[in-house]
1. Using amide H atoms built 1.01 Å from N in the peptide plane, name the residues 5+ places from residue 58, or on other chains, whose amide H lies under 5 Å from its own.
2. Working with all protein chains in place, sort 67, 51 by solvent-accessible area computed with a 1.4 Å probe, largest first.
3. Mean shadow of segment 374-477, computed from the convex hull of its alpha carbons, in nm²?
4. So what's the angle, to the nearest 10 degrees on a 0 to 90 scale, between helix 340-361 and the longest Cα principal axis of the chain?
5. Quick one: P(r) of the chain from all Cα-Cα pairs, 10 Å bins, percents rounded to integers, in order of increasing distance.
6. Could you sort 458-470, 294-306, 227-239 so that the peptide with the highest average Cβ count within 10 Å comes first and the rest follow in order?
7. Note the angle between two axes, namely the Cα long axis of helix 25-35 and the longest principal axis of the Cα atoms of the chain, as a number of degrees from 0 to 90, rounded to the nearest 10.
8. In whole Å, largest first, what are the principal axis extents of the Cα atoms in segment 213-274?
Amino acid sequence: MALNNVKETVGDALSTGVLIVGAGPTGLALACDLARRDVPALVVERAPALFPGSRGKGLQPRTMEVFDDLGVVGAVLASGGRIPVGMVWRDGERQGEYRMFDEPEPTETAPYTTPWMLPQWRTQEILLARLRELGGDVVFDAEVTGFAQDADGVTARLSTGTSVRAAYAVAADGGRSFLRRELGIAMSGETVDPNPVLVADVRVPALDRDNWHMFPATDDSGLYAALCPLAGTPDFQLTAQFPAGTTPDLSPQGIRDLVAARTHLTADDVSEVRWSSDFRPRAALADRFREGRVFLAGDAAHVHSPAGGQGLNTSVQDAYNLGWKLGAVLRHGAPDALLDTYEEERLPNAAQMLGLSTRIHRGEARRGAATRQLGIGYRESSLAVDTREDAPEEASLRAGDRAPDGPYGTGTLFDAFRGPHFTLLAVGTDADLPPLPGESVHVHAVPAYEPYGKGLFLVRPDGYVGWAGTDARDGLTAYLARCGVPVTS
């Protein structure tokens, strides 16, 4: 079934490669990755339109690298902006700036080094536009109401009356995931903070947009309020904490009264309330990320406190990890066991990011290098194969690490990586190579480059070193075959 025929075929029985449940950042990023691999996918979303709020507004540097590869970073950069410096207020007076994180300069190895602000609704608009460019789309007002799987695939019933048959399904349907509950997969975790938090998108023309305005509690309650200008829009994101056991008033008047009560502004200064919600900060992790032919991704697999901006970003990493593996199995005949490495790699990383978010929320850690997610890696994965006899020191690049950027020809290494292929870098070596299928593996000879050292480095489609060695005969072809890339010797 062609991706661009999805809307025309609703109402009939559908057959597709991958059923993606949920059109949030996770589902849309995964759909874009599959579309560029020519993997048929159907994205269904129970809501009538994309999520309207700003909720996940910070994109970490590693996510920017993913968006670079997916072809949307230009739109992201044009639509967003840097996260503004905090300004603390008390009794209507500015008390001074507050910097939540350091801002390192871009380097050769990492062109994106600081978070980028973009409201979640805009991120999703950009991803949907890219999906449509690639021939895909989303079916809205289509809720999964029934689900079953067997040895050959999954079958889902939709609220539209449609039945969908797919080889695999991905639950990207949020923290209250229907598919996760149907599969009986439990989530374990904790309440990070018993105090509910209100979040709303508001317009406040009377307030300058130069800072992230912070209004600490005037007593020991800790019940703060903050107004953050959302780059690329005329809106502010309002956040405010409430006492445990209370329910915030989400009405426009309730939000106006809140602003008047906790800031120097008046209720009338809030000219518009565009969206509002509330939540209880919690951390939860699914017991497993795969059940048969179904995978959990994003909030369906892990729920974060918003502190540190890890939730949306970890979710995009899930999609990026899973996309190329589904493509390898469905398009290139890789063994199904390759898909087991999704949980193997992503579950420990999600657990690590959950712990970081919780510590930041509780004031036990600062937003720093770890929140940028450039250090995430898979050294312990079964897909990380390093055959070099003189094992590199801990600080050296190893299989499982993120492949650094760097100058190459008239562009950069990231330019060479961009696309759904593997990339074999011959760095500072003239080692003999077997004949490789040019469509699946792009080979580049690179002068010796310190971040890599010397040797052969096979970079996976998601930008991590999968295999490293000095002699291609030491398992390179076997590794590629495992990933659905047959090599004739």
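The values are calculated or read from the model by the stated rules, or taken from the named source; none is laboratory data. All values reported here derive from a predicted model rather than from experimental measurement. FYI the Cβ positions are ideal-geometry reconstructions off the backbone, even for glycines, and counts take in every protein chain you see. To get the accessible areas, we keep the full protein, side chains included, count just its heavy atoms, and leave off ligands, DNA and RNA. Shrake-Rupley method; radii C 1.70, N 1.55, O 1.52, S 1.80 Å.
1. 118
2. Working: 67 0, 51 55 Å².
Accessible-area ranking of 67, 51, largest first: 51, 67.
3. Taking the Cα atoms of segment 374-477, their convex hull projects to 6.4 nm² on average.
4. 30 degrees
5. Values per bin, smallest distances first: 4, 19, 28, 25, 16, 6, 1, 0.
6. 294-306, 458-470, 227-239
7. With rounding to tens, the tilt is 30 degrees.
8. The principal-axis extents, from largest down, are 34, 22, 19 Å.
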